[in-house]
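Structure first, commentary second.
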Amino acid sequence: MSSTTTLNESVRTTTDEHYLTRTVHHAGQVIRVRIRRARHAYDSYAIGEVLARDGGRWTRLVEEHAHDNPDNWFRTVESPAESADPAPPALQGLSDQLIQRAAEIVAACPSAAEGWSDMNIIRALLGRGADEYLEPGVIAEANTDPDTGPVHIIRCSDGKVVVTTSHRSDCAYVTSSGQAQCDNDACYGH
């Protein structure tokens, strides 16, 4: 079981609502939960999200609107009008459950690398702030060299990414996302 480290937590209570936002680091992922427990079920929700590895966006993984099933968490978390506690324990328990559910969904994903865009991968190859200058002759040579093939960006199941021009498009290494061995016979540069 991976440990969970709270990065940020805020709780706001008014006469009409409890609102909790909690961001944690869990198993290499940043997970955020947002819970609003209002006086009425139709104004209440519980959401669990994961931050893309490139830090660019939140992806919603778990979402429960209390009006869909008022017998769910809505009844177990005291309404703001009933609660003297600005952060009812049931609200904290619900956030723990959402984090666990989001973490289980993330763990079931085949590869974290699938969320990275090709541009993020190219940025990683070049390094941050690096400039690479290619003369037109180098580009022309690369595109006509019989010992290189098309560019393949292979997202492996272990999260690694391989960028290569050494394999045919139908090579087992490419088609299996790095799981099978290259057949070597007809691939480039072998």
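Odds and ends about this structure:
- 3J(HN,Hα) along region 174-179: 6, 5, 9, 6, x, 7 Hz, from the Karplus curve 6.51 cos²θ - 1.76 cosθ + 1.60 with θ = phi - 60°, whole Hz, x for Gly and Pro.
- Assuming charge only on the beta carbon of Lys and Arg (+1) and of Asp and Glu (-1), the dipole of region 4-109 about its Cα centre is about 340 debye to the nearest 20.
Read-outs: derived from the displayed coordinates by stated rules, not from any lab. None of these values were measured; they are calculated from a predicted model. Counting neighbours? That spans all protein chains shown, and the Cβs are built from the backbone with ideal geometry, glycine included.
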